[in-house]
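Everything on this sheet refers to the single structure shown next.
The values are calculated or read from the model by the stated rules, or taken from the named source; none is laboratory data. Computed from a predicted model, the values in this text were never measured in an experiment. When we count neighbours, we look across all protein chains shown, and the Cβ atoms used for this are built from the backbone with ideal geometry, even at glycine.
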Amino acid sequence: MSVWILGNNNLNAEVERCVVAAGMDAVVADGVDRRNAVIDAVIITEPPRIVALGEDGAEYGLASPTTNLMDDAEVERVESLKTNDKIAILLDYGEETPEYIAAKAIRTAKRFAGKKKEVVFLSKVVKCGYGGGEQEYLAARDAGVVFVKYEEASISYDEEADSFTIKANDGVLDMEIETPYVLSAVVRDIPELEKISKKLRLYKRADGRVNDDRFFLHPAFSTRRGVYYLNPALVAKGSERDAVQRVMLSVIADIKAAAVPGYEQEIVRRWGIPEVDAGKCAFCYSCYRACTHGAFEPDAEASAMKVVEGLCQACGTCVAICPGEAIARKGGGDLAMTGDVSKKIKVYCCENGAAEAFDGVLPSLGEYAGTIDSERVACGGSVSADILANDFIDYDTIIIACCIEDACRHMDGDRRACKQAERATELFQKASIDGKRAIVIQASHAMENVMKDKLLSILEG
Amino acid sequence: MDYEKSNFQKVLEAGKFAITAEIGPPMSADAENVREKARELAGVVDAANVTDNQTAIVRMSSIAAAYLSQGEGVEGIVQMTMRDRNRLAMQADILGAWALGLKNLLVLSGDHQTFGNHPQSKNVFDVDTIQFLQAINRLQEDGVFMGGSKCKHPPKFFLGATVNPFADPLELQVIRLEKKIDAGARFIQTQCIYDLERFDRFMDMARARGLHERAYMQAGIFVNKSLKSIQMTQLVAGMSVPDEYVKRFEQAEDVQAEGIKIAVELIAKLKGVDGIKGMHIMAVGWEDIVPEIVKQAGFLPRPIL
Amino acid sequence: MIVAEQKPINEIVDSLNGFGRIVIASCGTCVTVCMAGGEKEALAVRGVVEADAKAKGEDVSVSVVNLKRQCDDEFVDDLEDELLDGDVILSMACGVGVQFLADKYPGRLVLPALNTKFYGAAKELGYWTELCAGCGNCLLEKTGGICPIARCSKSILNGPCGGSQDSKCEIDAEIDCAWHLIYDRLSELGQLDRLNEIYEPRDWRTNRDGGPRSVRKDDVNISDSE
C-alpha cells in the first residue's frame, strides 16, 4: 500500500516512520503528479499551497482552499511574501462561481489586500447577487483588490523559479501576471483526476463538471477515507513526535480498515444508510446543506431529498438535523442501546475513535461501570438535542464521547456535539429542572488516559 | 392671504450669512426653562431650531417650545420628525403651529426609537421626509390636504430639510438632497462637520447639480465641551470625526477653550465655501456658549430686517 | 416563508401546568423548515415536559401529533382523534396554525409554543432574516427587488436616512442598510435613475392599518350571498 505524504513540514519524518513501521510504502512529496500515481492514501502535513496545471496535465501541489478555513500557518506564509509579490486568486468553475465560494474567496482577497499586498482576483464570473456578496465585493475593491473578469485564462508553473504565470484575456486586453502564490479553485476536466478525485471527495458529473458545488476541492478537509490532514498548528512545540504518533495510530488503523474489501458495505451493515420519507420531507434542504459528503440529491418528482448511496458515510448528521424527522436509517445492524434506565448515566461513543477508548477504559472504572449505559454512534454530531431531551426523562447525565478537534471524518461532528449538548443542558436549566447535564468528552481511540480522567471527574461529581 | 415672511427667510433672501442655533426643550413641562434658553440667544441668532423628541427621548413638544421661544424674541424653526406622528397629526400640528405665529419648519426622519428612552414604542413613519415635504408644499401652494380635501387657509412655512454629507454612499445622499429640494425644501442644514475634505467632496457634487442655487445651504457645526463629548460624537452613526480633533482635546490644557477655538476655526473655514449661506451651531449641553462663539466668529450684530 | 422561534422553554412549561394529558401538535411546513415547531422540536419539548413532571412527581402524559399543516381542515381532520385525546393542545405552529386549531375546537384550549416573527428566508443553514412586510401593495419592482418597508428600520421609501454608515443600519450593525443595498442593486441593474423619482405617500390601507385583511377568489368561492 502506498501512502503519500504531502507538505513541507518537519512532521514528515515522524509520519513517514509511522507509515513504514506499519508495513506500508511512504512517498514524501511536494505535490502529486497524478499521471503516474498509485495512491492508497494521502496524508497532508501542511495546508496545500498551490495548484498549477502544466500544459501536459500534470499537477504540482494541491489546490488550496479559498475559504475561511485557512489556518494561521497559511496566513503567515502569505504574510511572509514580499510586498511587491502579487497574490493571485483564480476562480474557474467553467461557467459560474457558486456564490458561497465567490463570497468566501472575495473575503480572503480583501483580507490579504488589507495586509498591504497586491491582490489580483481573476474569475470568469463574479456573481454576488445574494445578500452579503455585494458588500464583500465592494469592501474588497475598496481595500485595493483588483478584480479581473476574464474570458480565457491559463496558468503555468516554473519549477525552478517556484513561480506561476497566469495569462488572462478579459475580452479587450491580454495580461500576464507573475506570482509566487496562487490560491485557486481551478478545476479542469483531466482524465487523471478521476483517481485522486475519489479520494478527495469529488466525483465527476455526467456533463464533465466536477461536483463541488458546495465544498470545492478542499483536500485539507476531505471527509473521504484516504485523505488525512495533520494540522501542524495543533501540535504543541516540543511534543511533535508524541502528537504525530498518537494521531498516526488512528490514521493507520483507518487506512488499513479502508483497504479491507467490502469496507463500504461494512458501513451499511453496521449503521444502515439513511432513507428519506418523501411524505414527511419538507424539502428544506437542511440535510443537503449539512451533509459534508455531498450525499444528497433533490428528487424533483417526489419533491423530496434522496440519499446518494455511493457517497453516504452513514454518519447520521442528516438524521439529527432534519427538522421534520423525515430521515431514518434503514438496514443497520444491531448496535442499539442497552436501554437500561436503572442506570443514570448514558454515554454515546463515536466509532471513529472514542468508542475504542471508552471500551478500553470501562472495565477500569470500578463501581461506576455498572451505572453507565452506553451506545455507539457513527458520529458524535448525530446526537441531536431532541434525543438528549428525551434521554433526560430517564438519565441525569449524558456524555457524548467524540473525536478531538479536526479529527472528525464528517467535518464538524465534535462541534455539533458540543452545540447540541449545550442546547439540551440549557433547555433544562431554563425550564428550572435541576440536575440534568450533557457533557462532551473529546478523545481519540489512543487517548484512553484522557477518557478515563474525564469520565472519573464527571462520575465523581 | 398676506403674511410677513419669517426673519430667517428674510435674512437669507437678502443675501446675508444666516446664523442659527438650537434650543433643546426640557424633559419636563417647565416653560421657564425654554424662555431662559431663548433669552440667551436673543440678538445672537436669526432663528433657532427647536428639536422634536431628539434622539427619541421625550421632551416638551417642538411647537410649544418654539412658541415660548418666540415670546422671548427668538424666532423658532419648528422641527418635525416622521417617527412619532401619522399624516393626520402632522398636518393638524402644522396648521396649529402657523396659527400660533410660527413660520419655519424643518422636516427630518428622526432617530429610531431604539436609541431613546421609550424603545418599546411603535414607530409611525407613515410618510417619509420627502413625501411630507412634497405634501406640505402642495398644501401651501395649492391648498389641498394629503387626503385630497381643500384647505381654505393654508400655512406658508419656510420649509427646510437636512442632509448628511458623511453617510454612505455619498452619491445617494446627494440624490436624496436633490429630491428634498425638488419636493419643496428651501433651506438645508447639514449634519455637523469636522471632516472638511469629505465635506468638500460633498459640496462639489451638490454644486454640480446646482443645488446650492436652489436652496439655502447652512453648514452645521457641533461645539464640544470636553474630551468625553468629542469621543461620544465620534461614536454617533453618520458622524465623521477625524482623530486629530480628539487629539487636540486630549492634549489641551483648557479643554473648553479648545472646544471654542475648534468651533471658531471650523466656522472660519466653512463660511468661505461656495454655496454655504449660513451656519447652524449645535452646542448641545453647552447652549450658553453660543453667544461667545457667534461673537468670536465675527457675526455680531445680527441684521434687523 | 413564515419564520418563528420557540418561546422560552420555561414559559411553555409554565403554561402547561395543571394539565395531565398534553397533546403537542407539530407542523410540517414553515416552522419545520425554520426549525422551530417541527416534529424534532416537538419531541424535544416533550422530553422537557416529561422530565419536569417526573422531577415534580406528577403524573403527566404527553403525546406528539405531527400535522403536515395546521392551517387546512383536511390535514387536521385526518388526525382529529389523536389531537383531541388530551386536556390541552400545545400547538407548535405559527400564529395561524394556533388560531386555526383554536377556531376548529372552541372547547379545547390551544396554547402557542412559538413566537411568530416575520416572513423571511434562510441566508444560510440556520440563519433566517426578515424580507417581506406583507404590506399588500408590492413595490419591489421599483427597488430592484429589495423591500424598504420590511428591511429599512424606518420603512423609508425615499431613502436612506442620515444614519446609514458602512452600509449598515444605525440601529444595529448586523442589519444592512436597505437603501444601501437598493442603491447597489439598482446600480448593477442599470436602473439608478429610479432613485430620482419621488415615491408618493403610501396608501397604508392595503397594510394591516386598514384592518384585518382577507382575500376572496369568487370564481372559486361561489357564494349565494350576493
message = Please count how many residues of the stretch C:181-199 are within 14 Å of chain A (Cβ to nearest Cβ) and not aromatic (Phe, Trp, Tyr).
response = 8
Candidate set: the stretch A:109-155, residues that are modelled with pLDDT of 70 or more and polar (S, T, N, Q); chosen: the one surrounded by the fewest Cβ atoms within 10 Å (Cβ to Cβ) = A:SER154
message = Filter the stretch A:418-456 down to the residues that are within 24 Å of C:VAL45 (Cα to Cα), free of Cβ contacts under 8 Å to residues at least 40 places away in the same chain, of a type outside the set (S, T, N, Q) and assigned to a helix (DSSP H, G or I) and list them by number.
response = A:CYS418, A:LYS419, A:ALA421, A:GLU422, A:ARG423, A:ALA424, A:GLU426, A:PHE428, A:LYS430
ask   = If you check B:LEU102 against the conditions, is it away from chain C (no Cβ under 14 Å) and of a type in the set (A, V, I, L, M, F, W, C)?
value = yes
Of all residues in the stretch C:190-226 being surrounded by fewer than 13 Cβ atoms within 10 Å (Cβ to Cβ) and hydroxyl-bearing (Ser, Thr, Tyr), the one that is farthest from C:PHE118 (Cα to Cα) = C:SER225
request  = Scan B:GLN191, B:GLN234, B:GLN218 and give me the residue that is out of contact with any helix residue (DSSP H, G or I) (no Cβ under 7 Å at 6 or more places or on another chain) and within 14 Å of another protein chain (Cβ to nearest Cβ).
outcome  = B:GLN191
Pair list, Cβ under 6 Å, 6 or more apart: the stretch C:56-68 residue not assigned by TED's automatic domain parsing to the domain that holds C:THR29, other residue charged (D, E, K, R) = none
remark   = Considering only strands (runs of 3 or more DSSP E) wholly within the stretch C:87-185, the ones with at least 1 residues that are farther than 28 Å from A:ILE321 by Cα, among the β-branched types (Val, Ile, Thr) and in the same structural domain as C:ALA36 (by TED's automatic domain parsing) are C:88-91
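Specify which of the listed residues (C:ARG213, C:ARG194, C:ARG202, C:ARG185) is under 24 Å from the mean Cα position of the chain (by Cα) and touching a residue at least 12 places away in the same chain (Cβ under 8 Å).
On the way: C:ARG194 fails: under 24 Å from the mean Cα position of the chain (by Cα); C:ARG202 fails: under 24 Å from the mean Cα position of the chain (by Cα); C:ARG185 fails: under 24 Å from the mean Cα position of the chain (by Cα).
Exactly one residue qualifies, and that residue is C:ARG213.
Please go through the stretch C:106-150 and give me each residue that is among the charged types (D, E, K, R) and within 11 Å of another protein chain (Cβ to nearest Cβ), ordered by number.
Step one: list which residues in the stretch C:106-150 are among the charged types (D, E, K, R), which gives C:108, C:117, C:123-124, C:130, C:141-142.
If the condition is that a residue be among the charged types (D, E, K, R) and within 11 Å of another protein chain (Cβ to nearest Cβ), then C:LYS123, C:GLU124 are the ones that fit.
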ask   = Taking the stated definitions as given, is B:ILE23 over 29 Å from B:LEU235 (Cβ atoms) and of a type outside the set (Asp, Glu)?
value = no
query = Is at least one residue of the stretch B:41-54 farther than 24 Å from B:ASP128 by Cα and acidic (Asp, Glu)?
reply = yes
task = Starting from residues that are farther than 25 Å from C:ARG202 by Cα and of a type in the set (A, V, I, L, M), keep the ones in the stretch B:98-123 and report whichever is nearest to the chain's Cα centre (by Cα).
result = B:LEU102
ask   = Can you find a residue in the stretch B:74-81 that is more than 29 Å from C:LEU186 (Cβ to Cβ), among the charged types (D, E, K, R) and buried (at least 16 other Cβ atoms within 10 Å of the Cβ)?
value = yes
task = Take the residues in the stretch A:432-461 that are of a type outside the set (D, E, K, R) and closer than 29 Å to A:CYS287 by Cα, then tell me which one is surrounded by the fewest Cβ atoms within 10 Å (Cβ to Cβ).
result = A:ILE439
ask   = Residues of the stretch B:34-64 being touching a residue at least 40 places away in the same chain (Cβ under 8 Å) and within 15 Å of the chain's Cα centre (by Cα), which ones?
value = B:VAL45, B:ASP46, B:ALA47, B:ASN49, B:ASP52, B:ASN53, B:GLN54, B:THR55
request  = Please give the helices (runs of 4 or more DSSP H) falling wholly within the stretch A:309-415 in which 3 or more residues are within 13 Å of chain C (Cβ to nearest Cβ), modelled with pLDDT of 85 or more and crowded, with 24+ Cβ neighbours inside 10 Å.
outcome  = A:317-321, A:385-391
request  = Could you please find all residues in the stretch C:12-45 being more than 19 Å from the chain's Cα centre (by Cα) and more than 7 Å from chain A (Cβ to nearest Cβ)?
outcome  = C:ASP14, C:SER15, C:LEU16, C:ASN17, C:GLY18, C:PHE19, C:GLY20, C:ARG21, C:ILE22, C:VAL23, C:VAL45
query = Restricting the stretch B:140-178 to residues that are in a helix (DSSP H, G or I) and surrounded by fewer than 22 Cβ atoms within 10 Å (Cβ to Cβ), which is nearest to the other protein chains (Cβ to nearest Cβ)?
reply = B:ILE175
query = Being at positive phi, small (Gly, Ala, Ser) and surrounded by 15 or more Cβ atoms within 10 Å (Cβ to Cβ), is that true of even one residue in the stretch B:253-273?
reply = no
query = Which condition does C:LEU79 not pass, out of (1) within 12 Å of chain A (Cβ to nearest Cβ); (2) without any contact (Cβ under 8 Å) to a residue 60 or more places away in the chain; (3) more than 19 Å from the chain's Cα centre (by Cα), if it passes all the others?
reply = (1)
ask   = Of (1) surrounded by fewer than 21 Cβ atoms within 10 Å (Cβ to Cβ); (2) modelled with pLDDT under 95, C:ASN158 satisfies all except one. Which?
value = (1)
ask   = Given (1) under 16 Å from B:GLY96 (Cβ atoms); (2) surrounded by fewer than 16 Cβ atoms within 10 Å (Cβ to Cβ), where does B:VAL50 come up short, assuming only one miss?
value = (2)
The stretch B:250-297 - residue that is farther than 25 Å from B:ARG209 by Cβ and in a strand (DSSP E or B) and, of those, modelled with the highest pLDDT = B:ILE281
request  = Just one of (1) at pLDDT 95 or above; (2) in a loop (DSSP other than H, G, I, E, B); (3) farther than 21 Å from B:PHE222 by Cα trips up B:LYS16, so point out which.
outcome  = (1)
query = Scanning for something under 28 Å from A:PHE283 (Cβ atoms) and basic (Lys, Arg), does the stretch C:214-222 turn up at least one residue?
reply = yes
query = Which condition number in (1) at positive phi; (2) under 23 Å from the mean Cα position of the chain (by Cα) is the one that A:GLY435 fails?
reply = (2)
task = Scan the stretch B:62-85 and give yes if some residue there is part of a helix (DSSP H, G or I) and touching a Phe, Trp or Tyr at 6+ places or on another chain (Cβ under 6 Å), otherwise no.
result = no
